[in-house]
1. Counting each pair of different Cα atoms once, what's the Kirkwood radius of the stretch B:19-112 in Å, rounded to one decimal?
2. Work from the charge dipole of chain A (Cβ charges, +1 for Lys and Arg, -1 for Asp and Glu, about the Cα centre) and give the residue of A:P15, A:H55, A:S178 farthest towards its positive end.
3. Given the pairs A:K270/B:K105; A:K272/A:K346; A:K170/A:K311, which are separated by over 21 angstrom at their Cα positions?
4. Let me check I've understood the local charge: for B:P93, count other residues with C-beta under 15 angstrom from its C-beta, Lys and Arg +1, Asp and Glu -1. What total comes out?
5. Just to confirm my numbers, what's the Cα centroid distance between the stretch A:218-247 and the stretch B:51-94 in Å?
6. So what are the radius of gyration and Dmax for the Cα set of the stretch A:368-418, in Å?
7. On average, how much area does the Cα convex hull of the stretch A:317-376 cover when viewed from any direction, in nm²?
8. How much accessible area is lost when chains A and B come together, counting both sides, with a 1.4 Å probe, in Å² rounded to the nearest 100?
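The values are calculated or read from the model by the stated rules, or taken from the named source; none is laboratory data. Predicted model, so just to flag it, every value in this text is computed and none were measured. Because the Cβ atoms are built from the backbone with ideal geometry, glycine has one as well, and the counts that use them run over all protein chains shown. Heavy atoms of the whole protein, side chains included, go into the accessibility calculation; ligands, DNA and RNA do not. Shrake-Rupley method; radii C 1.70, N 1.55, O 1.52, S 1.80 Å.
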Amino acid sequence: MNPPPHQTAETIDLPLRYFVFGLIALAIFGAALPLFAADALAQHHYTHRAVALTHLLTLGWITSVILGATIQLVPVALGVKLHSPRLARRVFWFHAIGVIGMVAGFWFWNFKTLLWFATLVSVGLALFIYNLLRTLRRVPRQDAVSVHIATSLIYLALTFLAGQYLMHDKLIVFSPFSVLSAIHAHAHLAAMGWFTLLIMGVSYRLIPMFTLSDIQSPRRVWTAYALLNIGILSVFTGILLRQNWLPLAASVAGLGLMLWFWEINAIFRKRKRAQLDGALQQARIALFHLPAIFVLGLWQSWPDGHPSLLKMQAQTGYGLLMLLGFVTFFMMGMLYKVIPFLVWYKIYPPLVGRQPVPKLQDLYSAALERWGAAIFIGGLWATSISASLAPAVSFRVIQTCAALMGIGIWLVVINLWFPMSRLILQHGCPLARCLLYWEKQKSKHAVRAPLSIVHAGGPK
Amino acid sequence: MTQPTVSMPEESPPSVEAVRSVLRTVNDPEIGLNLVDLGVVRDIQIADKIVRISLTPTSPICPLYQVLMDGIRTAVLAVTNVQECLVQLVWDPPWDPSMISEEGKAFLANRQ
């Protein structure tokens with residue numbers, strides 16, 4: 001078996017860049033939702049601010065973190081070097097500038113501005129897909145992880161094509177489909193095809209690695225993959241064409257998700273690490289949102305000539321649970337693993353074997369991790385339920401719930417910032433850099449002239 | 001790192017136990033358990049003051065294997081009378097959680 005490629009500066013700095021951008025986007029989302037867009041939660045979700053914040057969340061936070069994590073994990077998890085780190089570096093600027101412009105375009109409902117920036121994002125993502133597919137082609141043995149990642153990239157491309165279609169339809173009306181149906185189809189392509197499939201693939205590698213466990217049933221893995229893909233494509237078509245068989249399509253997709261849920265729980269149950277740390281507990285709790293999302297999705301898919309106000313409003317709760325309860329909470333848990341690792345890898349390797357080095361968990365606050373997660377999940381469920389019950393629930397209550405969720409988000413962002421600030425202190429400050437260099441030189445000399453360590457148990 | 005306290009005669013070759021003891025001071029930063037109790041140190045051989053260590057990371061995708069190899073070498077070179085330390089990766093058979101020592105299992109069971 002070949003060893004994985006060694007981590008390089010590229011695979012450390014590049015992902016961090018995406019993570020910083022993603023965390024800033026998440027922090028802005030957490031503050032903006034209760035302050036400027038709580039009214040969007042209390043009414044039907046198709047408002048310019050809701051659309052702007054949804055794209056801030058999906059592109060600014062979720063996609064940025066996925067791009068960064070993919071750049072870092074693919075070489076390690078699949079044993080190949082990234083095709084072009086230089087290209088990945090360029091993609092960051094396309095993505096970052098494009099997302100800022102797109103969110104601003106939606107916020108001010110200016111579609112000409114939006115089109116320019118969306119094109120910038122599309123170019124960036126096209127280059128990213130090219131870079132990653134070239135990387136995946138070199139994988140010596142294709143497995144469930146590489147296949148899931150490659151498929152999710154196809155859905156990413158389809159999501160962007162659907163988005164471009166919607167945007168052009170706003171400028172020159174040509175689409176035969178209902179605008180809302182097309183938006184919902186586009187959203188499901190992103191949430192199920194891009195986010196979920198990628199999370200599934202990555203989870204098959206990360207969860208066994210962190211829990212000291214193994215995949216329990218390859219057949220279950222592939223069945224889940226097949227069902228979800230059939231489900232995504234049929235849900236997309238069913239929503240777009242408003243077909244009566246949409247509940248069947250939703251059931252197939254839901255069954256795929258449930259199989260994945262079953263497999264991950266089996267991996268957790270067979271783990272050798274008895275106590276799960278906070279990060280893994282978060283990832284597991286995120287997965288427990290899936291049954292609720294499945295039930296809500298099935299209800300939403302049910303053909304209904306005149307949907308009730310409750311059913312219309314529950315679409316907001318469904319979207320919040322999917323994007324925040326499942327995707328975001330899972331990603332937060334994994335970031336508690338990935339960010340401390342990257343920072344640790346940047347600072348501590350020269351000291352291993354010479355002096356005590358901190359564990360990854362020592363780089364952030366466990367208490368803040370627990371509080372942030374609890375407040376976030378509490379606030380999310382309160383927001384989802386209150387928004388679904390609007391207008392029976394007052395605007396102030398919904399706003400307060402959203403504010404609670406925002407506080408949870410900020411606690412998580414602050415906590416994840418701790419390890420990164422250590423990196424900035426070590427490498428950004430010239431004095432700290434000199435001290436670190438001096439420390440390294442001293443350690444080198446210590447290795448050349450050892451013979452001073454003495455041992456317990458050895459002969460005197 | 002807990003510094004061991006007993007010195008060795010100047011010319012006597014290092015013992016396997018002494019090497020194992022110093023390896024107990026190198027921890028896996030993710031799991032928090034030392035490499036010996038984690039069961040990733042497969043074999044230690046000493047000949048002519050040259051220490052050869054076989055290492056099997058917990059996962060074939062372990063991103064830390066290079067750091068751990070360097071750390072092992074650094075720690076072992078600091079043992080009295082060790083002139084060279086060669087660390088070799090062994091992937092077959094793969095690491096299995098059953099290789100964790102009893103102390104390691106107790107540590108993992110109690111650790112939050």
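1. Taking the inverse mean of 1/r over all distinct Cα pairs, the stretch B:19-112 comes out at 13.5 Å.
2. The listed residue farthest towards the positive side: A:P15.
3. A:K272/A:K346; A:K170/A:K311
4. -3
5. Rounded to whole Å, the Cα centres lie 47 Å apart.
6. Using the Cα atoms of the stretch A:368-418, the pair Rg, Dmax is 11.9, 41 Å.
7. So the Cα hull casts an average projection of 4.6 nm².
8. 4100 Å²
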